[in-house]
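What follows is a set of notes on a single structure, which appears directly below.
The values are calculated or read from the model by the stated rules, or taken from the named source; none is laboratory data. All of these numbers come straight from a predicted model, not from anything done at the bench. In this analysis, Cβ positions are derived from the backbone assuming ideal geometry, glycine residues included, and neighbour counts consider all displayed protein chains.
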Amino acid sequence: MTAAATRAAWTIVGLLWVVALINYLDRQLLVTMPGPIKADLRLGDEKFGLLSSVFLWIYGLCSPIAGYLADRVGKRRVILASLIIWSAATFASGLVTSFGGMLAARATLGVSEAFYMPAAVSLIVDYHRGATRSRATGLHLSGVYAGSVLGGLGGAFAEAFGWRPVFLVIGGLGVAYAVVLAIVFPSPPQDDLAEAPEDIIVASHGENAFRSLLSTPGFLLLLAMNMLDGAAYWPVRNWLAEFFRGELGIAPAWAGVYGPMTFNGAAFVGMLIASTLSDRWSVYTMRARALIPAIGFVVAAPCLVLMGAVDHIPVVLACVLVAGMSQGFLDANLMPATCTVVDLRYRATAYGLLNFAGTTAGGFMTYAGGMLKERDVPLGTMFQLAGGMIFVAGLLLFMVRPLGTRGLRRETGGAGSGVDAPENS
C-alpha cells in the first residue's frame with residue numbers, strides 16, 4: 001500500500017470515528033436519563049422500555065435493506081444521509097411533549113441509524129486489508145463506546161440543565177459535522193490497495209446477495225451468534241442504569257456512570273486489546289477473528305450470572321467490566337470475521353443482516369425486561385438469562401470455519417471470470 005493509500009485509509013477511520021461517537025451518543029441518551037424523561041412525559045417502565053425496543057426493532061428491520069443499498073449506491077452517500085437524518089431526529093427528541101412524539105422520534109432515529117454501520121464498516125475493510133483490518137475496525141468502533149460513555153453522563157447533564165437541552169445540543173452538533181464530513185471525505189485510491197487473504201469471491205456474478213449469504217454455513221453461525229449477543233447485551237445496556245438506581249440504590253446522577261458508562265468503557269478497552277491480538281494472531285490463522293470473541297464470551301458468561309445473583313456493588317461492577325470487555329472483543333472482530341466467510345461484494349449486506357438479527361432480538365428482550373420489571377421480576381434475573389445466551393454464542397463462534405483457511409486461488413478457466421474458489425485439499 002502506498003503512502004497516499006495509507007493516509008486515506010487512516011483518515012477514513014478518524015473521520016468515521018467521530019460519526020460513530022455521535023451515532024451511539026444519540027441513541028444512548030434516552031436510557032441514561034430515565035427519571036426526568038419518564039416524569040416529564042408521564043411514562044411507566046413498560047412504555048419507557050418500548051421506546052428503546054421500537055428503536056431496535058426498526059433499526060434491525062431496516063439494516064438488511066441498508067446494507068444492500070450501501071453495496072449498490074455508494075457507501076459515502078449512505079453515511080452522509082444517515083448522519084443528517086438521525087441528528088435531526090435527535091434534535092426533535094428535545095422538542096416532543098408526548099409519548100407518541102418521542103416514539104416517532106425514536107423510530108426515525110432507528111431508520112436513519114440503520115443505514116450508517118453497514119456502510120461504514122464495509123468502507124473501512126475496503127481500505128484496510130489484512131494486517132490492519134481488526135485494528136481499523138476496532139478503532140472505528142471505539143467511537144461507539146466513546147459515545148456510549150459520554151451518553152452515560154446524560155443523567156448528570158439532565159440534573160444540571162434539563163433533559164431537553166441535551167438532545168437539542170447533540171442533534172445540532174451532528175448536523176454541523178455532516179457538513180464538515182461532506183467537504184473533507186477523501187476519494188478512495190482503489191488501485192493502491194492490496195488484497196488480503198480474507199478477500200474472497202465465492203459466488204457467480206448472477207447470484208443474489210441474500211441467497212449467497214443465507215446458504216453459507218459460516219455466516220449462518222455468525223447470524224445465530226449475533227442474535228444471541230443482541231438478545232443478551234442490548235437489554236443489559238438499556239436497563240443497567242435502572243438496575244443500579246432501582247435495585248442497588250445508586251443515585252440517579254451516578255446510575256448511568258456505574259451502569260452504561262462502565263460497561264461501554266470496558267468495551268472500549270476490550271476492543272483495543274482484541275483488535276491488536278486478532279491482527280497478530282490472524283497472520284497464523286484466520287480463525288483468530290472468531291476465536292478471540294469466543295474466548296471473551298465464555299469468560300463473561302459466569303460473570304453475568306453472578307451479576308444477577310449478588311447485591312455487593314464492587315462485585316457487580318467487576319462483572320460489568322468483564323461483560324463489557326467481551327462485547328468489545330466481538331465488536332473489533334465481527335466484520336473481520338464476516339470477511340472470512342462471505343463474498344467480498346456482499347459485505348455491507350452481510351453486516352446489515354447481522355444487525356437485523358442482533359437488534360431485533362435485543363429489542364424484544366429489552367421490552368420483555370420492562371414488562372417483567374412491572375410484574376416485580378428483578379432485572380438481575382434477566383442478566384442471568386443473558387449469561388446463558390452469551391455462553392451459547394461463544395460456542396457458536398468456536399464453530400466458525402473461514403472459507404479461506406486453506407487459501408484461495410483465482411480461477412483461470414475463462415478470461416475475466418473474477419471468481420475465487422477454495423483450493424483442493
Query raised in the report: Looking at segment 302-330, which of its residues are surrounded by 24 or more Cβ atoms within 10 Å (Cβ to Cβ) and either of a type in the set (A, V, I, L, M) or modelled with pLDDT under 90 (or both)?
Result: L304, M307, V316, V320, A323, L330
Report task. Please enumerate the residues belonging to segment 376-391 that are more than 18 Å from G246 (Cβ to Cβ) and surrounded by fewer than 16 Cβ atoms within 10 Å (Cβ to Cβ). Result -> G388
Query raised in the report: In the list S52, S98, which residue meets the criterion of being within 22 Å of the chain's Cα centre (by Cα) and among the hydroxyl-bearing types (S, T, Y)?
Result: S52
Query raised in the report: Does D331 satisfy the criteria of being in a loop (DSSP other than H, G, I, E, B), closer than 28 Å to M382 by Cβ and touching a residue at least 40 places away in the same chain (Cβ under 8 Å)?
Result: no
Query raised in the report: What do you reckon, is S82 at pLDDT 85 or above and hydroxyl-bearing (S, T, Y)?
Result: yes
**Report entry** segment 369-386: number of residues that are assigned to a helix (DSSP H, G or I) and farther than 13 Å from V236 by Cβ
**Finding:** 5
Query raised in the report: In this structure, is G218 modelled with pLDDT under 85 and either assigned to a helix (DSSP H, G or I) or within 20 Å of the chain's Cα centre (by Cα) (or both)?
Result: no
Report summary line: Picking from A255, A241, A182, the residue that is touching a helix residue (DSSP H, G or I) at 6+ places or on another chain (Cβ under 6 Å), surrounded by fewer than 18 Cβ atoms within 10 Å (Cβ to Cβ), of a type in the set (A, V, I, L, M, F, W, C) and at pLDDT below 90 would be A182
Query raised in the report: Does segment 11-31 contain any residue that is free of Cβ contacts under 8 Å to residues at least 40 places away in the same chain and either out of contact with any strand residue (DSSP E or B) (no Cβ under 8 Å at 6 or more places or on another chain) or surrounded by fewer than 20 Cβ atoms within 10 Å (Cβ to Cβ) (or both)?
Result: yes
Query raised in the report: Hey, among S52, S87, which residue is within 12 Å of T366 (Cβ to Cβ) and buried (at least 24 other Cβ atoms within 10 Å of the Cβ)?
Result: S52
Query raised in the report: Would segment 387-404 turn up any residue that is assigned to a loop (DSSP other than H, G, I, E, B) and at pLDDT below 85?
Result: yes
Query raised in the report: How about segment 153-186: which of its residues are within 25 Å of the chain's Cα centre (by Cα) and either outside any helix (DSSP H, G or I) or charged (D, E, K, R) (or both)?
Result: L153, F185, P186
Query raised in the report: Pick from G265, G362, G270: which is part of a helix (DSSP H, G or I) and modelled with pLDDT of 90 or more?
Result: G270
Query - Extreme residue, farthest from T137 (Cα to Cα), among residues of segment 280-299 that are in a helix (DSSP H, G or I) and of a type in the set (D, E, K, R) - result: R280
Report task. Please identify the pairs in which a residue from segment 282-295 that is at pLDDT below 90 has its Cβ atom under 7 Å from the Cβ atom of a residue that is in a helix (DSSP H, G or I) and surrounded by 24 or more Cβ atoms within 10 Å (Cβ to Cβ), counting only partners at least 6 apart or on another chain. Result -> S282/R289
Query raised in the report: Does segment 255-269 contain at least one residue that is among the small types (G, A, S), more than 21 Å from M225 (Cα to Cα) and in contact with a Lys or Arg (Cβ under 7 Å, 6 or more places away or on another chain)?
Result: yes
